Every structure is written in structure tokens, then in C-alpha cells.
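Single-structure report; data block below.
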Amino acid sequence: MRWPLVAAAVSGWLRQGPWALLVLAVFTVAALSAASAPMYDEASDNAVFADRRAAIAPGADRGEDVAVRLSASESPNSADQQVAVRDLRGVRHLSEPTLGGASVGMESVRPKRWESTVSAGGRTAAARLLATTAPAARLVPLGAVRNQGVWLPEPVATDLGVHAGDSVTYRVDTVGANPDGVAVRVAGVYAVTGGRLPADPPGGVRPWVRDQRDLPDDPQATTLKAHLLIGDIDTIERLSKASGDRILWWADAQLDPGATLAEARTAAREVEEVRRRYLGRMVDVSPVTPRVASGIAQVATDASRTAEAVQRRSRVTGWAALAVALASVLAIGLLAVRRRRVELRHSVGSGLSPTTVGALWFVEHLVPAVPAAFAGWALARTLVERFGPPGAVTVASLGPALVAAGIAALAGPVTVACVAAVSAARRVRPAVPVAPRRSRPWGLLVVVAAAVAAVGMWGTTQARGIDLLVPLLVFAAAGVLGGTLVVRLASLRRRTTTADRRPAVVGWLLRRRLAAGGERVLTVVLLATGLGMLVFTMSAVDTIGVNIDDRVAASAGATAIARIPGSHVLDDQPVRQPPEPDPQEGRPQPQGLVPGVRTPPLPPHLTLVWRIDAYTPYDEGIRDLVVIDPESFLRVADWGRGPDLAAARDAVRRLAGAEPSSWKVPVIVVGDPSLTGVDDVPVSLPRWGGSLQVIARLPAFPGSGDRTMYIVPGAVVFPLMGRDDPRLRPPGGPPPFVRTELWSSRGQRGIDEVMAPRSVAATLVSTSEQYRDDADFVAARQSRGYDLGVAAYLALLAIVALALHADRTAVAARPGDLMLARIGVGRVRIVGARAAELVALVLVALLCTVGGLAVLGPLAARLLDPVPEQVPVLRFGVPAAAIGVTLGVAVVAATLSAGLAVVRSSAREEEAFRGDG
């Protein structure tokens, strides 16, 4: 190989003008598509892990939290515990271990007598010991502070009349304890919250609520937490030994804030190693068993399961993006060969072998491939960080991403070189001209492939990985059919005319050029595919988002729901359930409302819902009879964004207008096919029976999930229930066939504000976020950016394809334009016909897009539904934003290509025979 040729090849790419920029852009996109996959996967994994970590309840124990606890009855100052703490400190991605301990004397001697008290000046109060590192930093001091001693809670200090610096006596009353107690100084008095929990200082490292499970119980009332005497490790250790108390000591460490999923897995593996070593060398004969508690492995496993679902959904899109990018590289190679066919012919005629030609083209295109690799990698990182999942992108994926970008960028010059070498070889050994060259039926193959794929979708309920390519094939097939039809129609209407019929010149040129076919069908295919995938992807993202919101609303019902013992616990004036009449006395059952009974007044963001087991003779099943207050239910319930729940909301408005004196109870039937065509439904409750008048049949309702429900208004049904009204306060516990729920539109915080002052505990709390964190829903949400990115690239390819077609046809038609100018056809008409042709191609592509959407509409549920068995069903729709963006892209494509055609068209003789420039 001659080195001057190599030097010319290296510098020749820089003289290609706009074509050089196009090659650089295509290589960059190929590198971008390859580099984005590992970055996106890591960002998705870390976002899922962060969501799972944020969902951990504040009071979760160490087995459910991303934390580690080593616990034993041996002091942290012992040799074994020092080794264990050193091992824990060596675990990567964990915080510095903190030491602590709590009294377990009462728990370790049960059922024997045990009591611990603190006394001063003849006054005594129950209290228990708690050790923590640097207690002054975790407490809110009240008054003066001393360096040594224990901290007393404000209520205890007030009862005893002591302050910082005073002396108190801690005494344990049990077998073997010091009967005289132990004197200790008061280091300070700390503030408590509404209960007995220490108050958190501003900017505290760890809130006390997260340690609530570790706090010892009150020795006199085990349903309450004890008042705490808090001190540092050494003080509590001396006090417990001298008094005869027993302490459970622990060492805690937290997973680092912002830790990634990979780091959590590493920490979980090393914690397991610490567990084996710790339990293997511990010999503890006390009643307290040494243990290692950690939820890091479980949280990481849960997040990994969700992350895998996300990757399954995005993997097909990623491969499709890479395939489209590599196809663009191949197209660049084919266009380059066609664009430089004279140069290729000259190279072969000069004696260069096909291998040499390919090598020179490889060197030439290696120049843009190198910056394209780095540019694609940097652009992928920027796009993933700004528009991808909200997770961290670290060096763990940046290295593999750079390697992938380099390989994809290198595929560019390799592909172009292979195309050039094959083209040169065909010119060296031309085919024997024994048969005319025939065009390959690529269009027919595309149509057949799309038909087979679409028909195959009818036999499935959910798309497999390869099925997600069906939309692209359908739009491409629509483009083939539309483009071919336009060419045929233009050929049929083609007739002879003359330049004297000047008004018809533009139309004649337009029909003539469309009838020529050639690349025009391919251009329509690319336009229809790009525009179609853009509008379909935007519509799919919107449809899936609406459907997820509807399914979360149908499953959760409201932002948060608490199950409570009964509505009477929220009533300041509850009415007791009257006793049942004695049958021997012959008195009839009282009818109507019990005097004074009411629905407790609640803030606007809350509503009460009663679920009662009801029997219906239709298919002899048990249903949920759901009693609501329609007005407050309309405010609080989650109504989603789709038509199914909108119909449910309209039905509830009809319930709100029901008359309480109605002899039939109006009902909304949800998800019960056995009542199709039935308007009067007899039902039997455990203590009441009646008839329901069906006013609406719905597939879904807030809180219905997959259950069958009958929704009735409380104002109508409560008077019919008499003494069995669920709002009455029962003499015993709540009846098993009635479940009372408190719904909140402000989340659990809205529930706590009415339950906490009344000390009402919820037996079950569910939130909409729990349902929204479903793995399939998370996967659908996080893959939206990837899908939109691929669709945007296809739309960009459509614009580039039309622009290239405009450039090529304008340059190729220069001799014809010169002849038209010589016979008197003005430049305005010549250029107008060229622009009209391009606009016509765009309009045909838009019509093909509409046709493709019509075909994909019935298949959308199979293609898009992440969980097809759930309700409401997915209903595909095209939002106005998708239509507007697609039309905008079409206008940009038409305007840009028309402007390029005007610039590249020329009727001057010195340019007409210059070639393709």
C-alpha cells in the first residue's frame, strides 16, 4: 500500500463537508446506543434500590433495615466484642459502628418478680437502663449539663425533684440483686415527645423512632415503653453490674447513604462472613443468645428482583436501538459507495485491489470513529443522568460503557470498508450480462414479515421480547404499501403535456417524478417508520402511565388506608349498641337508626368505609358490601386518570343523590359477571336482608382490586340495619363480618393526625406507594426514557432520509432542470415541483402512520400491558401531545428537505453536468 494514499485517506475525510458531519453523527449514535445500555442498567438498578430503601418503615428492626447489629450479653469492652466490632468496621460501605445496650433483666428472669426504680428524696419512679454512645449528642437537654452520670427524662426528674448534679439511687428488686441500690449522679435532664420517646435534637444522626423496638418495656405496664435512664457505655456497664441488672449490648452499623445496589450486595456478602466468624467464636452461657441481625441482603434481593424486571423490559429496546444504529452505519456505507462510485471506478481502474480499497476506506473512516466513540460515551452518560432513571452512574458501568462505545464506533469503519471492498470486487469481476438485472422484492418481504408478526400477536395475551418489534414492522409495511400505491397512481395519471400549459407544469412534474419510483418508496417507508414509531411510542408511554395510575387506584383505593376497630373509636360521643331484645318478652326488633348514632366528623381528607360480608343467591358467593359516604368518598378516593374510574366517579355521584327513604338500596356492582342483566339483587347480611337496585355495573372501582364489590350509600342502608349499624360501639370486640377502614388522601400522615391523639392503633395500613412499587409497574415507568430515545432517533433518521433524498434528486435532476429552463419553465415552478414532491412524500407517510396506528390499536393491550390480568384493562389512546410532536417533526422534515432541494437545485449549465458534487 502506498503511504501517500494512506495520508490522503486520513485527511480526505476532513474535506467531505456536510457528509463528514453526517458520518460523524451516525458513528456517534452507534457508540451512544452501545454505551447507554450498561449505564442505563446501573442507573435503573440503583434507582430501584433507592426506592426500596426509602420504603423501609421508620420503626423497622435491623432484620428489615439496611443495617447490621451484633448483639450479646458481653460488654463492648470485652476482648471478643472488640474483635467483633473490628470485623464489623472492616465491612465495606458500612458506617462507623455505634455501641449501645438496653436492660433485659426483666425479660431474662420471667416469670420471676423483677422491678427497677430510681429514687431521690423519698420519691420513687419506675425506670430502666439504656446505653448509647455520646448521649448528649442524641438528646435535647433541659437546663444545666454535667459530664458524668445518667440522663433522666423530664417527667421522672420533675417527679423526683432532681436536676443535673444531684444524686439518685438506681435499684433492682429481684432475686440476687443489690437490695440497697446504687447511687449515681444526674448528668442532665432530657426532653421527651408526647409519649416516653426521647426528643430528637436538630440535625440528629438517627431519630429515636428508628430505635423504638430496642427500648425496654415498663416493668409495671408492659404495653408501654419504660422511662429511660440513659448514659454512656462505661457508666451503664458499671451501674448494671453494681445493681444486678443485665444488659443486652450491641454494635450497630448502617449502610452508607447513597450506596448503590452493587455496594449493598458487597456489604451483604461481607456481613455474612462476619456473622459466621462472630457466632463461631462466641461462647455465651447467658440467657441472651448472641446474634447478628441484618436486612441488607433481603433489601438487595428485593431490589434485584425488581431491577431484573426493568432490564427484561429495556433489554429488547436496547438491542433494537443498537440494531437501528448499526443499520444506519450500513446505510452510510451503501450511500458512500453510491456517492463515490466514480472514485471507486477510478481506484479499480488504477490497479488497486479490493483489499487495498477496503483498507483505505477503513483508515479514512477510522478518523471520525475515534472522536465518535468518546462523544457517544459522553453523550450517553449525559442523557442517562439527565433523562434516565434517577439512580447513580458510577465507574462500575462507565468502564464497560466506554469499551462498548469503542467497539460500536469501530464497527463503523469496518462496515464501510467491507461495503467498499465488495463494491470494488464487483467492478474488478463484473457479472456476466446474460440476464437483465431485477429488483429485489424487499417491500414484499417487509409486508409479509409484518403480517406474520401481527397475526402471531393475536394468539398471545402478552408480548414476548421479539414481539415488541411488531410496531416497527407494521409502520414499515404501511410505508411500503402507501409508497407503492402512490407510485402506481402517479403512473396511471401520467399523460403527455407541453410546457405551454404553464398552470399544469408543476402538477405534471410532480406526477412524473412520483411515477419514477426508485428511492421514493424507500423514503416513504423510512418516513412512515420514523413518524409512526414516534407517535406510537409517545402514545404508549402515556397509555401505560394512565393505566398504571388507574390500577394503583383500583388496588389501593386511596393514598393510604388504615383498618381500625370501628368508627366509634374516632367519635367523641360514641353510642353503645343497645342489647338485643329478649325473644321471650315478645318485643319486636327496633327499626330505624339508634338515637344519637352518627358518622364521626372527620377532616376533609378522610373518609370512613365499611366492608360487610354479604351473601347473594347468584352463584352462591360471598361479596363485599361496601358502605360509603358518597360526598366524602368523592373527595378522598383515588380516581386515576382513565375512563373506567371516571365512570365509577359518575356512578358515585348518582349514589350521592339517592333518597334515604328509598325502599330499595341503590348499588354499584363491581366485577360481578353473574349479575349481568339483573337489576334487583337480593342480599343477606349476617343480621339483615334486603334488595339492592343496580344503578351501574363497573369493571373497576377504587379499592376493588380483584374482588367483587357492591357499593351502597350509608345514608340509605344504615337506617335499615337498626341495632346492627356498624357505627355503634359494640359491647365486645368488633364483629368478624364487619371491617372498618379509614381512607386518607394525604397518606399515612393524614391518618396519624386523627389516630394518634386517640391512641388508636391500625391493624393494617396500606398505601398507594406500595402498589406503585410493583416490579412490573417500576419496569414500565423506568423504560419510558429508553423507548422515547429510540423513537426520537428513528424520527431523526426519517428527517435525514428525506433530506438525503432531496439532495440526491436535486443534484441528479440538474440536467433536466436546465432543459426545462431552456424551454421557458421558470425556476419557481421547477423548485415548486421539487418542494411539492417532498411535501407529498411527507403527507403519504403521515397517512401510512394513521393506517399503522389503526392496525396496532387492537394489538396495543397485548404489546403494552405489563400485567394483563389486572383491571382496569389497558385502553390505547393517542394524546394530543403525540399528534402535535409528530406533526411538528413532519413539518420540520418537509421544510428542511425543501430548503435543501432549493439550495442544491440549479439550472446553470456549468453546474448541471458537475455530478453529485
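Can you tell me which residue in segment 57-83 is farthest from A264 (Cα to Cα), limited to those that are at pLDDT 80 or above and within 27 Å of the chain's Cα centre (by Cα)?
Of everything passing the filter in segment 57-83, E64 is farthest from A264 (Cα to Cα).
Can you find a residue in segment 557-565 that is at pLDDT below 90 and part of a loop (DSSP other than H, G, I, E, B)?
The answer is yes, given that some residue of segment 557-565 is at pLDDT below 90 and part of a loop (DSSP other than H, G, I, E, B).
Which of the residues that make up segment 810-868 are modelled with pLDDT under 70 and not in a helix (DSSP H, G or I)?
A813, I823, G824, V825, G826
What pairs come up if the first residue lies in segment 195-207 and is under 22 Å from D61 (Cβ atoms) and assigned to a loop (DSSP other than H, G, I, E, B), the second is hydrophobic (A, V, I, L, M, F, W, C) and at pLDDT below 80, and their beta carbons are under 9 Å apart, counting only those six or more places apart or on different chains?
Note: pairs meeting the criteria are G195/L224; R196/L224; L197/V209; D200/V209.
Could you tell me which of the residues L838, L843, L859 is crowded, with 20+ Cβ neighbours inside 10 Å and under 27 Å from L509 (Cβ atoms)?
Unique residue meeting the criteria: L838.
Pairs, please: C-beta under 7 Å, at least 6 apart or cross-chain, first residue part of a loop (DSSP other than H, G, I, E, B) and in segment 507-535, second at pLDDT 80 or above?
Between residues of segment 507-535 that are part of a loop (DSSP other than H, G, I, E, B) and residues that are at pLDDT 80 or above, the close pairs are G517/V487.
Name the one entry in R92, R110 that is in the same structural domain as D232 (by TED's automatic domain parsing), charged (D, E, K, R) and more than 46 Å from the chain's Cα centre (by Cα).
Residue meeting the stated conditions: R110.
Give the number of residues within segment 126-163 that are more than 19 Å from I233 (Cα to Cα), among the small types (G, A, S) and crowded, with 19+ Cβ neighbours inside 10 Å.
1
So which of A646, A700 is of a type outside the set (S, T, Y), under 28 Å from the mean Cα position of the chain (by Cα) and exposed (fewer than 14 other Cβ atoms within 10 Å of the Cβ)?
Residue meeting the stated conditions: A646.
For segment 257-279, enumerate the residues that are in contact with a strand residue (DSSP E or B) (Cβ under 7 Å, 6 or more places away or on another chain) and not in a helix (DSSP H, G or I).
Answer for segment 257-279, where residues must be in contact with a strand residue (DSSP E or B) (Cβ under 7 Å, 6 or more places away or on another chain) and not in a helix (DSSP H, G or I): there is none.
Would you tally the residues in segment 720-751 being among the charged types (D, E, K, R) and more than 21 Å from F633 (Cβ to Cβ)?
The number of residues fulfilling the criteria is 3.
Do the conditions hold for R128, that is, is it assigned by TED's automatic domain parsing to the domain that holds R246, at pLDDT 90 or above, under 30 Å from P202 (Cβ atoms) and not β-branched (V, I, T)?
yes
Which of the residues belonging to segment 869-903 are among the β-branched types (V, I, T) and either outside any helix (DSSP H, G or I) or under 19 Å from A791 (Cα atoms) (or both)?
Passing the criteria: V871, V873, V878, I883, V885, T886, V889, V891, V892.
When you scan segment 306-316, do you find a residue that is closer than 30 Å to L526 by Cα, part of a helix (DSSP H, G or I) and either aliphatic (A, V, I, L, M) or modelled with pLDDT of 90 or more (or both), even just one?
The answer is yes, given that some residue of segment 306-316 is closer than 30 Å to L526 by Cα, part of a helix (DSSP H, G or I) and either aliphatic (A, V, I, L, M) or modelled with pLDDT of 90 or more (or both).
Report, by residue number, each residue of segment 335-389 that is among the hydroxyl-bearing types (S, T, Y) and either under 40 Å from the mean Cα position of the chain (by Cα) or assigned to a loop (DSSP other than H, G, I, E, B) (or both).
Matches in segment 335-389: S350, S353, T382.
The rows are residues; the columns are (1) closer than 30 Å to S768 by Cα; (2) assigned to a helix (DSSP H, G or I); (3) at pLDDT 95 or above.
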position	(1), (2), (3)
H568	yes, yes, no
Q591	no, no, no
V594	no, no, no
V609	yes, no, yes
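Quick one: in segment 733-749, of everything that is at negative phi and in a loop (DSSP other than H, G, I, E, B), which residue is modelled with the highest pLDDT?
S745
Which numbered condition trips up R213, out of (1) within 47 Å of the chain's Cα centre (by Cα); (2) over 20 Å from E115 (Cβ atoms); (3) free of Cβ contacts under 8 Å to residues at least 60 places away in the same chain?
With respect to (1) within 47 Å of the chain's Cα centre (by Cα); (2) over 20 Å from E115 (Cβ atoms); (3) free of Cβ contacts under 8 Å to residues at least 60 places away in the same chain, R213 is out only on (3).
The values are calculated or read from the model by the stated rules, or taken from the named source; none is laboratory data. The structure displayed is predicted, hence computed values, not measured ones. Glycine gets a Cβ as well: all are built from the backbone with ideal geometry, and neighbour counts include every protein chain shown.
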